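Heads up, the thing below is written out as C-alpha coordinates.
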Amino acid sequence: MNPLLRTELGWLGGVLLAGFLIGLAVGAPIAFMLVFCSAYAVWLLVRMANIVQWLESGAASSKAPPTTGLMDQVVGLIHREKAYSRKQKNRYRSTLARFNSLAAELPDATVVFDGQRIIQWSNTAARSLLNIHEERDQGQRIDNLLRAPEMLQYLGQADAGIEVEIASPVTPEKTLSMIKVKAGKGMTVLIARDITQRVKVREMRKAFVADVSHELRTPLTVIRGYLEMVLENKSIDAPTRDALVNVEAQSDRMHHIVEHLLELSKLEGNPLGESEGEPIMVSSLLHSIGDTLKKSIAQHHQIEVNADDGLLLLGSESEIYSACSNLISNAVKYTTQGSKISVSWQLNEHAQPELSVHDNGPGIEPQHLHRLSERFYRVDKGRSRDSGGTGLGLAIVKHVAQRHGGQLLIDSTPGTGSEFSIEFPASRIASMAKVMNL
Ligand code: ADP
(Lines give C-alpha, C1' and ligand atoms only; values in the text may rest on other atoms or scores of the structure.)
Protein backbone atom coordinates (compact mmCIF):
# COMPACT_ATOMS: atom_id res chain seq x y z
CA MET A 1 0.00 0.00 0.00
CA ASN A 2 1.10 3.58 -0.72
CA PRO A 3 2.88 4.74 2.51
CA LEU A 4 1.17 8.15 2.32
CA LEU A 5 -2.26 6.49 2.13
CA ARG A 6 -1.23 4.25 5.04
CA THR A 7 -0.34 7.34 7.15
CA GLU A 8 -3.61 9.08 6.21
CA LEU A 9 -5.60 5.93 7.13
CA GLY A 10 -3.59 5.76 10.39
CA TRP A 11 -4.68 9.35 11.19
CA LEU A 12 -8.33 8.52 10.39
CA GLY A 13 -8.11 5.38 12.54
CA GLY A 14 -6.60 7.44 15.41
CA VAL A 15 -9.41 10.02 15.19
CA LEU A 16 -12.08 7.26 15.16
CA LEU A 17 -10.38 5.48 18.11
CA ALA A 18 -10.20 8.72 20.12
CA GLY A 19 -13.92 9.36 19.42
CA PHE A 20 -14.77 5.77 20.39
CA LEU A 21 -12.81 5.91 23.70
CA ILE A 22 -14.17 9.32 24.75
CA GLY A 23 -17.68 8.21 23.66
CA LEU A 24 -17.31 5.02 25.71
CA ALA A 25 -16.53 7.10 28.81
CA VAL A 26 -19.79 9.09 28.38
CA GLY A 27 -21.82 6.12 27.11
CA ALA A 28 -22.20 7.13 23.39
CA PRO A 29 -19.20 5.65 21.47
CA ILE A 30 -20.85 5.57 17.99
CA ALA A 31 -22.13 9.16 18.21
CA PHE A 32 -18.70 10.41 19.32
CA MET A 33 -16.99 8.46 16.53
CA LEU A 34 -19.31 10.18 14.00
CA VAL A 35 -18.66 13.65 15.50
CA PHE A 36 -14.85 13.13 15.45
CA CYS A 37 -15.00 11.75 11.91
CA SER A 38 -17.05 14.76 10.69
CA ALA A 39 -14.66 17.20 12.42
CA TYR A 40 -11.74 15.48 10.69
CA ALA A 41 -13.51 15.74 7.27
CA VAL A 42 -14.25 19.46 7.86
CA TRP A 43 -10.58 20.03 8.78
CA LEU A 44 -9.52 18.33 5.53
CA LEU A 45 -12.02 20.36 3.47
CA VAL A 46 -10.77 23.64 5.00
CA ARG A 47 -7.18 22.75 4.04
CA MET A 48 -8.26 21.88 0.50
CA ALA A 49 -10.19 25.16 0.22
CA ASN A 50 -7.03 27.04 1.35
CA ILE A 51 -4.98 25.30 -1.32
CA VAL A 52 -7.55 26.13 -4.03
CA GLN A 53 -7.63 29.77 -2.87
CA TRP A 54 -3.82 29.93 -3.00
CA LEU A 55 -3.79 28.46 -6.52
CA GLU A 56 -6.48 30.89 -7.70
CA SER A 57 -4.69 33.92 -6.25
CA GLY A 58 -1.55 32.98 -8.23
CA ALA A 59 0.51 33.84 -5.09
CA ALA A 60 4.15 32.79 -4.77
CA SER A 61 5.04 29.23 -3.68
CA SER A 62 6.34 30.60 -0.36
CA LYS A 63 2.77 31.75 0.42
CA ALA A 64 1.38 28.21 0.12
CA PRO A 65 -0.90 27.21 3.06
CA PRO A 66 0.61 24.81 5.68
CA THR A 67 -0.19 21.18 4.86
CA THR A 68 0.60 17.68 6.00
CA GLY A 69 0.46 14.15 4.57
CA LEU A 70 -1.23 13.63 1.19
CA MET A 71 -2.09 17.34 0.86
CA ASP A 72 1.55 18.20 1.43
CA GLN A 73 2.47 15.86 -1.40
CA VAL A 74 -0.12 17.54 -3.71
CA VAL A 75 1.20 21.01 -2.84
CA GLY A 76 4.79 19.78 -3.44
CA LEU A 77 3.83 18.54 -6.91
CA ILE A 78 2.12 21.84 -7.69
CA HIS A 79 5.30 23.69 -6.57
CA ARG A 80 7.35 21.58 -8.95
CA GLU A 81 4.96 22.13 -11.88
CA LYS A 82 4.92 25.88 -11.24
CA ALA A 83 8.71 26.08 -11.12
CA TYR A 84 8.97 24.04 -14.35
CA SER A 85 6.46 26.15 -16.26
CA ARG A 86 8.16 29.35 -15.02
CA LYS A 87 11.46 28.04 -16.36
CA GLN A 88 9.82 27.10 -19.69
CA LYS A 89 8.17 30.52 -19.92
CA ASN A 90 11.55 32.24 -19.39
CA ARG A 91 13.12 30.01 -22.01
CA TYR A 92 10.39 30.85 -24.56
CA ARG A 93 10.64 34.52 -23.69
CA SER A 94 14.40 34.62 -24.27
CA THR A 95 14.06 32.57 -27.51
CA LEU A 96 11.40 34.99 -28.73
CA ALA A 97 13.56 38.00 -27.80
CA ARG A 98 16.53 36.45 -29.63
CA PHE A 99 14.35 35.70 -32.68
CA ASN A 100 12.94 39.24 -32.65
CA SER A 101 16.37 40.86 -32.49
CA LEU A 102 17.69 38.54 -35.25
CA ALA A 103 14.66 39.13 -37.51
CA ALA A 104 14.87 42.86 -36.84
CA GLU A 105 18.43 42.91 -38.15
CA LEU A 106 17.82 40.76 -41.27
CA PRO A 107 19.14 42.50 -44.39
CA ASP A 108 15.85 41.76 -46.20
CA ALA A 109 12.85 43.95 -45.40
CA THR A 110 10.25 41.80 -43.64
CA VAL A 111 6.69 42.94 -42.94
CA VAL A 112 3.98 40.79 -41.35
CA PHE A 113 0.37 41.80 -42.01
CA ASP A 114 -3.02 40.22 -41.30
CA GLY A 115 -6.03 39.39 -43.49
CA GLN A 116 -7.15 43.06 -43.38
CA ARG A 117 -3.65 44.05 -44.53
CA ILE A 118 -2.93 45.65 -41.13
CA ILE A 119 0.79 45.67 -40.31
CA GLN A 120 1.55 43.56 -37.25
CA TRP A 121 5.34 43.63 -37.31
CA SER A 122 8.22 44.87 -39.43
CA ASN A 123 12.01 44.92 -39.14
CA THR A 124 14.70 47.60 -39.43
CA ALA A 125 15.44 46.91 -43.12
CA ALA A 126 11.78 47.67 -43.95
CA ARG A 127 12.54 51.33 -43.11
CA SER A 128 15.20 51.82 -45.77
CA LEU A 129 13.68 49.57 -48.47
CA LEU A 130 9.93 50.17 -48.03
CA ASN A 131 9.74 53.27 -45.77
CA ILE A 132 7.79 51.23 -43.19
CA HIS A 133 8.84 52.04 -39.61
CA GLU A 134 8.48 49.25 -37.06
CA GLU A 135 6.94 51.45 -34.33
CA ARG A 136 5.35 54.31 -36.28
CA ASP A 137 3.52 52.11 -38.81
CA GLN A 138 2.39 49.13 -36.73
CA GLY A 139 -1.41 48.97 -36.97
CA GLN A 140 -1.51 50.85 -40.32
CA ARG A 141 -2.80 49.26 -43.56
CA ILE A 142 0.16 48.23 -45.71
CA ASP A 143 -1.62 49.35 -48.91
CA ASN A 144 -1.92 52.88 -47.46
CA LEU A 145 1.87 53.00 -47.20
CA LEU A 146 2.93 51.19 -50.40
CA ARG A 147 0.87 53.08 -52.95
CA ALA A 148 2.72 52.50 -56.25
CA PRO A 149 0.24 50.83 -58.70
CA GLU A 150 2.43 47.75 -59.32
CA MET A 151 2.93 47.38 -55.56
CA LEU A 152 -0.87 47.56 -54.96
CA GLN A 153 -1.47 45.06 -57.75
CA TYR A 154 1.04 42.65 -56.20
CA LEU A 155 -0.45 43.04 -52.71
CA GLY A 156 -3.91 42.39 -54.16
CA GLN A 157 -2.92 39.11 -55.81
CA ALA A 158 -4.28 36.10 -53.96
CA ASP A 159 -1.36 33.84 -54.96
CA ALA A 160 1.46 33.70 -52.47
CA GLY A 161 4.96 32.41 -53.23
CA ILE A 162 5.27 34.29 -56.54
CA GLU A 163 8.41 36.43 -56.77
CA VAL A 164 8.23 39.76 -58.57
CA GLU A 165 10.69 42.55 -59.34
CA ILE A 166 9.40 46.01 -58.42
CA ALA A 167 10.98 49.49 -58.26
CA SER A 168 11.67 50.54 -54.66
CA PRO A 169 9.01 52.94 -53.29
CA VAL A 170 11.79 54.85 -51.50
CA THR A 171 14.45 55.07 -54.24
CA PRO A 172 12.89 54.27 -57.65
CA GLU A 173 16.37 53.59 -59.15
CA LYS A 174 16.61 50.57 -56.88
CA THR A 175 14.96 47.28 -57.83
CA LEU A 176 13.41 45.07 -55.18
CA SER A 177 12.61 41.41 -55.42
CA MET A 178 9.40 40.79 -53.46
CA ILE A 179 7.77 37.61 -52.27
CA LYS A 180 4.64 37.02 -50.13
CA VAL A 181 4.49 33.97 -47.88
CA LYS A 182 1.31 32.77 -46.12
CA ALA A 183 2.02 32.28 -42.42
CA GLY A 184 -0.96 30.70 -40.64
CA LYS A 185 -3.87 32.45 -38.86
CA GLY A 186 -4.48 34.67 -41.94
CA MET A 187 -1.05 36.30 -41.64
CA THR A 188 1.15 37.11 -44.63
CA VAL A 189 4.88 37.79 -44.56
CA LEU A 190 6.17 40.16 -47.22
CA ILE A 191 9.91 39.91 -47.89
CA ALA A 192 11.69 42.48 -50.06
CA ARG A 193 15.34 42.27 -51.13
CA ASP A 194 17.46 44.87 -52.87
CA ILE A 195 18.56 43.26 -56.18
CA THR A 196 19.69 46.46 -57.95
CA GLN A 197 23.20 45.08 -58.43
CA ARG A 198 21.95 41.72 -59.73
CA VAL A 199 19.63 43.46 -62.21
CA LYS A 200 22.50 45.69 -63.40
CA VAL A 201 24.75 42.66 -64.03
CA ARG A 202 21.89 40.89 -65.84
CA GLU A 203 21.24 43.93 -68.03
CA MET A 204 24.97 44.22 -68.78
CA ARG A 205 25.12 40.56 -69.80
CA LYS A 206 22.04 40.97 -71.99
CA ALA A 207 23.44 44.09 -73.64
CA PHE A 208 26.82 42.39 -74.15
CA VAL A 209 25.29 39.32 -75.83
CA ALA A 210 23.04 41.52 -77.98
CA ASP A 211 25.98 43.79 -78.99
CA VAL A 212 28.29 40.87 -79.82
CA SER A 213 25.56 39.14 -81.86
CA HIS A 214 24.84 42.38 -83.65
CA GLU A 215 28.53 42.98 -84.40
CA LEU A 216 28.90 39.42 -85.77
CA ARG A 217 25.90 39.79 -88.05
CA THR A 218 27.53 42.12 -90.64
CA PRO A 219 30.84 40.23 -91.16
CA LEU A 220 28.88 36.95 -91.30
CA THR A 221 26.58 38.31 -94.01
CA VAL A 222 29.65 39.37 -96.01
CA ILE A 223 31.33 35.94 -95.59
CA ARG A 224 28.14 34.13 -96.62
CA GLY A 225 27.70 36.40 -99.64
CA TYR A 226 31.26 35.79 -100.85
CA LEU A 227 30.95 32.04 -100.24
CA GLU A 228 27.77 31.92 -102.32
CA MET A 229 29.54 33.81 -105.09
CA VAL A 230 32.63 31.56 -105.01
CA LEU A 231 30.49 28.39 -105.01
CA GLU A 232 28.68 29.58 -108.14
CA ASN A 233 31.99 29.26 -109.96
CA LYS A 234 31.82 25.87 -111.75
CA SER A 235 35.58 25.65 -112.31
CA ILE A 236 36.43 25.01 -108.63
CA ASP A 237 38.02 21.59 -108.12
CA ALA A 238 36.11 18.97 -106.07
CA PRO A 239 38.26 19.03 -102.86
CA THR A 240 38.09 22.86 -102.67
CA ARG A 241 34.32 22.77 -103.30
CA ASP A 242 33.88 20.20 -100.51
CA ALA A 243 35.87 22.42 -98.14
CA LEU A 244 33.88 25.50 -99.13
CA VAL A 245 30.54 23.67 -98.75
CA ASN A 246 31.66 22.75 -95.25
CA VAL A 247 32.56 26.38 -94.50
CA GLU A 248 29.14 27.43 -95.84
CA ALA A 249 27.35 24.93 -93.55
CA GLN A 250 29.29 26.23 -90.52
CA SER A 251 28.64 29.86 -91.40
CA ASP A 252 24.93 29.04 -91.78
CA ARG A 253 25.04 27.52 -88.29
CA MET A 254 26.72 30.63 -86.89
CA HIS A 255 24.13 32.77 -88.64
CA HIS A 256 21.32 30.80 -86.96
CA ILE A 257 22.99 31.09 -83.54
CA VAL A 258 23.44 34.86 -83.97
CA GLU A 259 19.82 35.28 -85.08
CA HIS A 260 18.56 33.17 -82.15
CA LEU A 261 20.72 35.12 -79.65
CA LEU A 262 19.34 38.39 -80.98
CA GLU A 263 15.79 37.04 -80.77
CA LEU A 264 16.39 35.92 -77.17
CA SER A 265 17.83 39.25 -76.07
CA LYS A 266 14.70 40.98 -77.37
CA LEU A 267 12.40 38.61 -75.47
CA GLU A 268 14.20 38.25 -72.14
CA GLY A 269 12.74 39.97 -69.05
CA ASN A 270 10.41 42.09 -71.15
CA PRO A 271 6.79 41.03 -70.50
CA LEU A 272 3.96 42.24 -72.71
CA GLY A 273 1.43 44.57 -71.09
CA GLU A 274 -2.00 43.18 -70.07
CA SER A 275 -3.73 44.22 -73.29
CA GLU A 276 -0.65 44.56 -75.47
CA GLY A 277 -0.54 42.57 -78.70
CA GLU A 278 -2.71 41.69 -81.67
CA PRO A 279 -5.35 38.94 -82.01
CA ILE A 280 -3.57 35.94 -83.51
CA MET A 281 -5.29 33.11 -85.40
CA VAL A 282 -3.07 30.42 -83.90
CA SER A 283 -4.86 27.64 -85.82
CA SER A 284 -3.80 29.11 -89.20
CA LEU A 285 -0.23 29.59 -87.93
CA LEU A 286 -0.11 25.91 -86.94
CA HIS A 287 -1.52 24.68 -90.28
CA SER A 288 0.94 26.88 -92.17
CA ILE A 289 3.94 25.63 -90.10
CA GLY A 290 2.78 22.01 -90.58
CA ASP A 291 2.47 22.51 -94.37
CA THR A 292 5.90 24.17 -94.62
CA LEU A 293 7.60 21.41 -92.62
CA LYS A 294 5.83 18.69 -94.69
CA LYS A 295 7.56 20.15 -97.74
CA SER A 296 11.01 20.17 -96.06
CA ILE A 297 12.25 18.19 -93.04
CA ALA A 298 8.94 16.40 -92.24
CA GLN A 299 8.30 14.68 -95.57
CA HIS A 300 8.27 11.28 -93.87
CA HIS A 301 6.47 12.31 -90.66
CA GLN A 302 2.76 12.41 -89.94
CA ILE A 303 1.73 15.83 -88.59
CA GLU A 304 -1.82 16.08 -87.28
CA VAL A 305 -3.13 19.53 -86.31
CA ASN A 306 -6.20 19.70 -84.11
CA ALA A 307 -6.82 23.41 -83.51
CA ASP A 308 -9.81 25.46 -82.42
CA ASP A 309 -10.25 28.04 -85.20
CA GLY A 310 -12.32 30.31 -82.97
CA LEU A 311 -9.71 30.48 -80.21
CA LEU A 312 -7.62 33.60 -80.78
CA LEU A 313 -4.64 34.69 -78.74
CA LEU A 314 -3.71 38.25 -77.86
CA GLY A 315 0.03 38.62 -78.38
CA SER A 316 2.90 39.00 -80.80
CA GLU A 317 2.31 36.96 -83.96
CA SER A 318 5.99 36.70 -84.95
CA GLU A 319 6.92 35.45 -81.46
CA ILE A 320 4.08 32.91 -81.32
CA TYR A 321 5.03 31.74 -84.82
CA SER A 322 8.64 31.30 -83.67
CA ALA A 323 7.61 29.34 -80.53
CA CYS A 324 5.22 27.03 -82.45
CA SER A 325 7.74 26.50 -85.22
CA ASN A 326 10.52 25.63 -82.71
CA LEU A 327 8.33 23.09 -80.92
CA ILE A 328 7.01 21.39 -84.07
CA SER A 329 10.40 21.31 -85.81
CA ASN A 330 11.98 19.85 -82.63
CA ALA A 331 9.32 17.10 -82.68
CA VAL A 332 10.37 16.34 -86.26
CA LYS A 333 14.14 16.66 -85.64
CA TYR A 334 14.25 14.39 -82.61
CA THR A 335 12.01 11.59 -83.88
CA THR A 336 12.54 9.07 -86.64
CA GLN A 337 10.82 8.97 -90.03
CA GLY A 338 7.23 7.75 -89.86
CA SER A 339 6.73 9.17 -86.34
CA LYS A 340 3.43 10.79 -85.51
CA ILE A 341 3.27 14.39 -84.25
CA SER A 342 0.00 15.72 -82.81
CA VAL A 343 -0.35 19.46 -82.46
CA SER A 344 -3.27 20.80 -80.48
CA TRP A 345 -4.59 24.31 -79.75
CA GLN A 346 -7.56 24.19 -77.33
CA LEU A 347 -8.85 25.46 -74.03
CA ASN A 348 -7.54 23.15 -71.31
CA GLU A 349 -9.39 21.89 -68.19
CA HIS A 350 -8.68 25.24 -66.45
CA ALA A 351 -10.28 27.14 -69.39
CA GLN A 352 -6.84 28.44 -70.37
CA PRO A 353 -5.65 28.43 -73.99
CA GLU A 354 -3.01 25.75 -74.42
CA LEU A 355 -0.75 24.80 -77.28
CA SER A 356 0.68 21.31 -77.13
CA VAL A 357 2.99 19.36 -79.40
CA HIS A 358 3.07 15.64 -78.76
CA ASP A 359 5.36 13.13 -80.43
CA ASN A 360 5.86 9.37 -80.14
CA GLY A 361 9.64 9.66 -80.40
CA PRO A 362 12.40 8.36 -78.08
CA GLY A 363 11.45 10.69 -75.21
CA ILE A 364 13.86 12.34 -72.76
CA GLU A 365 15.36 10.99 -69.51
CA PRO A 366 13.83 12.78 -66.46
CA GLN A 367 17.18 14.24 -65.26
CA HIS A 368 17.36 16.46 -68.38
CA LEU A 369 13.82 17.84 -68.28
CA HIS A 370 14.35 20.79 -65.88
CA ARG A 371 17.42 21.98 -67.85
CA LEU A 372 16.05 21.73 -71.41
CA SER A 373 15.07 25.39 -71.67
CA GLU A 374 18.52 26.61 -70.56
CA ARG A 375 20.59 28.24 -73.30
CA PHE A 376 22.75 25.73 -75.18
CA TYR A 377 21.56 22.74 -73.14
CA ARG A 378 21.21 19.65 -75.32
CA VAL A 379 20.56 16.05 -74.38
CA ASP A 380 22.62 14.81 -77.32
CA LYS A 381 25.01 17.53 -78.60
CA GLY A 382 25.94 15.57 -81.77
CA ARG A 383 22.34 14.95 -82.75
CA SER A 384 21.36 18.56 -82.14
CA ARG A 385 24.24 19.86 -84.32
CA ASP A 386 23.57 17.32 -87.09
CA SER A 387 19.96 18.45 -87.25
CA GLY A 388 21.00 22.13 -87.43
CA GLY A 389 20.03 22.90 -83.82
CA THR A 390 21.44 25.92 -82.00
CA GLY A 391 20.55 24.79 -78.47
CA LEU A 392 18.49 27.98 -78.09
CA GLY A 393 15.10 26.88 -79.45
CA LEU A 394 13.46 25.94 -76.14
CA ALA A 395 14.97 28.99 -74.38
CA ILE A 396 13.18 31.11 -77.00
CA VAL A 397 9.93 29.14 -76.48
CA LYS A 398 10.17 29.64 -72.69
CA HIS A 399 10.70 33.40 -73.01
CA VAL A 400 7.90 33.79 -75.56
CA ALA A 401 5.61 31.93 -73.12
CA GLN A 402 6.71 34.13 -70.20
CA ARG A 403 6.35 37.35 -72.23
CA HIS A 404 2.72 36.34 -72.82
CA GLY A 405 2.17 35.54 -69.12
CA GLY A 406 2.26 31.79 -69.80
CA GLN A 407 4.57 28.91 -69.02
CA LEU A 408 6.32 26.12 -70.90
CA LEU A 409 5.48 22.64 -69.60
CA ILE A 410 7.46 19.56 -70.58
CA ASP A 411 6.34 15.99 -70.10
CA SER A 412 8.30 13.09 -71.48
CA THR A 413 8.62 9.34 -71.00
CA PRO A 414 11.72 7.61 -72.38
CA GLY A 415 10.70 5.12 -75.05
CA THR A 416 7.17 6.54 -75.35
CA GLY A 417 7.40 10.17 -76.47
CA SER A 418 7.35 13.79 -75.37
CA GLU A 419 4.82 16.55 -74.98
CA PHE A 420 5.80 20.23 -74.94
CA SER A 421 2.97 22.62 -74.03
CA ILE A 422 2.54 26.33 -73.53
CA GLU A 423 -0.22 27.26 -71.14
CA PHE A 424 -1.39 30.88 -71.57
CA PRO A 425 -3.51 32.82 -69.05
CA ALA A 426 -7.22 33.08 -69.89
CA SER A 427 -6.76 36.88 -70.03
CA ARG A 428 -4.82 36.37 -73.28
CA ILE A 429 -7.88 35.06 -75.16
CA ALA A 430 -8.78 37.60 -77.87
CA SER A 431 -12.34 37.92 -79.11
CA MET A 432 -13.31 37.31 -82.74
CA ALA A 433 -15.20 40.65 -82.69
CA LYS A 434 -11.88 42.46 -82.26
CA VAL A 435 -10.49 40.78 -85.36
CA MET A 436 -13.57 41.77 -87.39
CA ASN A 437 -13.12 45.41 -86.36
CA LEU A 438 -9.52 45.41 -87.57
P1 ADP B 1 18.21 22.46 -80.33
O2 ADP B 1 18.51 23.63 -81.17
O3 ADP B 1 19.39 21.66 -79.96
O4 ADP B 1 17.06 21.65 -80.86
P5 ADP B 1 16.40 23.21 -78.24
O6 ADP B 1 16.56 24.24 -77.17
O7 ADP B 1 15.29 23.39 -79.20
O8 ADP B 1 17.79 23.12 -78.94
O9 ADP B 1 16.20 21.80 -77.53
C10 ADP B 1 17.09 21.46 -76.47
C11 ADP B 1 17.26 19.95 -76.44
O12 ADP B 1 16.04 19.34 -76.05
C13 ADP B 1 17.59 19.36 -77.77
O14 ADP B 1 18.98 19.40 -78.04
C15 ADP B 1 17.09 17.92 -77.62
O16 ADP B 1 18.08 17.15 -77.01
C17 ADP B 1 15.91 18.06 -76.63
N18 ADP B 1 14.60 18.00 -77.32
C19 ADP B 1 13.86 19.06 -77.71
N20 ADP B 1 12.68 18.63 -78.24
C21 ADP B 1 12.68 17.28 -78.17
C22 ADP B 1 11.76 16.24 -78.55
N23 ADP B 1 10.58 16.53 -79.11
N24 ADP B 1 12.11 14.96 -78.30
C25 ADP B 1 13.29 14.66 -77.74
N26 ADP B 1 14.21 15.60 -77.36
C27 ADP B 1 13.92 16.88 -77.56
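For a quick check, take a GNM of the chain with Cα springs below 10 Å and name the residue from N123, N50, N326 with the largest mean-square fluctuation. Most flexible of the set in this elastic network: N50. The residues neighbouring A126, those whose beta-carbon lies less than 13 Å from its own, together hold a net charge of -3 under the Lys/Arg +1, Asp/Glu -1 convention. Relative to the longest principal axis of the Cα atoms of the chain, the long axis of helix 3-26 lies at roughly 20 degrees.
What a 1.4 Å probe finds exposed on the chain is 58% carbon and sulfur by accessible area, rounded to a whole percent.
Residue by residue, region 113-119 carries 3J(HN,Hα) couplings of 9, 8, x, 8, 6, 8, 5 Hz when phi is fed to the Karplus relation 6.51 cos²θ - 1.76 cosθ + 1.60 (θ = phi - 60°); x denotes Gly or Pro.
One equal scatterer on each Cα of region 105-194, no solvent, Debye formula: the resulting log10 I(q)/I(0) at q = 0.14 Å⁻¹ is -0.41. If you plug the beta carbon distance of R80 and L9 into 1/(1 + (r/R0)^6) with R0 = 41 Å, you get a FRET efficiency near 0.95. Compared with the dominant Cα axis of the chain, that is its longest principal axis, helix 393-403 is turned about 60°. Normalised per residue, the accessible area of region 3-100 is 74 Å², obtained with a 1.4 Å probe and no contribution from ligands, DNA or RNA. Applying a DSSP loop filter and a limit of 13 other Cβ atoms within 10 Å to the GluC sites (Glu not before Pro) in region 94-147 leaves E105, E135. Computed from Cα positions, the angle between helix 238-267 and the longest principal axis of the chain comes to roughly 40 degrees. For the pair S284 and A60, label points projected 7 Å from Cα toward Cβ lie 9.1 nm apart. Cα-based radius of gyration for region 49-88, normalised by 2.2 N^0.38 Å, reads 1.11.
Residue-normalised convex hull volume from the C-alpha trace of the chain: 301 Å³ per residue. Checking the Cα-Cα distances for K266/K295; K294/K398; K206/K266; K295/K398; K295/K340 against a 20 Å cut-off, the pairs over it are K266/K295; K294/K398; K295/K398. Label point of V230 set 7 angstrom out along Cα-Cβ; within region 244-282, amide nitrogens under 20 Å from it belong to 244-256. Taking amide H as placed 1.01 Å from N in the peptide plane, A167 has its amide H under 5 Å from the amide H of L176, each at least 5 places away in sequence or on another chain.
Along region 268-276 the Karplus relation, 6.51 cos²θ - 1.76 cosθ + 1.60 evaluated at θ = phi - 60°, assigns HN-Hα couplings of 4, x, 9, x, 6, x, 3, 10, 6 Hz to successive residues, with x for each Gly and Pro. Estimated from helices alone, the mean residue ellipticity of the chain at 222 nm is -17500 deg cm²/dmol (sum of -39500 (n - 2.57) over DSSP H runs with n ≥ 4, per residue).
Give me the 1.4 Å probe accessible area per residue for region 309-438, excluding ligands and nucleic acids, in Å².
On the way: 5900 Å² over 130 residues.
I get 45 Å² per residue for region 309-438.
With no solvent and one point on each alpha carbon, what is the Debye value of log10 I(q)/I(0) for region 278-437 at q = 0.08, 0.13, 0.19 Å⁻¹? At q = 0.08, 0.13, 0.19 Å⁻¹ the computed log10 ratios are -0.22, -0.58, -1.23.
Across region 220-233, coupling constants 3J(HN,Hα) worked out from phi with the 6.51/-1.76/1.60 Karplus curve, θ = phi - 60°, read 5, 4, 5, 4, 5, x, 5, 4, 4, 5, 5, 5, 6, 6 Hz, and Gly and Pro carry x. Its relative contact order, with pairs defined as Cα atoms under 8 Å and 6+ residues apart, puts the chain at 9 percent. Taking every C-alpha pair closer than 8 Å and separated by at least 6 residues, the mean separation divided by the residue count of region 1-80 gives a relative contact order of 25 percent. Once the Cα-Cα distance is subtracted from the 0.36 nm per residue extended length, the Q157 to N131 segment shows a gain of 7.2 nm.
Largest first, what is the accessible-area ranking of R383, R136 with a 1.4 Å probe? Mind dumping the intermediate values first?
Working: R383 90, R136 135 Å².
Listed by decreasing accessible area, they come as R136, R383.
The values are calculated or read from the model by the stated rules, or taken from the named source; none is laboratory data. No experiment lies behind these values; they were computed from the predicted model shown. Every residue, glycine among them, receives a Cβ derived from its backbone with ideal geometry; neighbour counts consider all protein chains shown. With ligands, DNA and RNA removed, areas are computed over all heavy atoms of the protein, side chains included. Shrake-Rupley method; radii C 1.70, N 1.55, O 1.52, S 1.80 Å.
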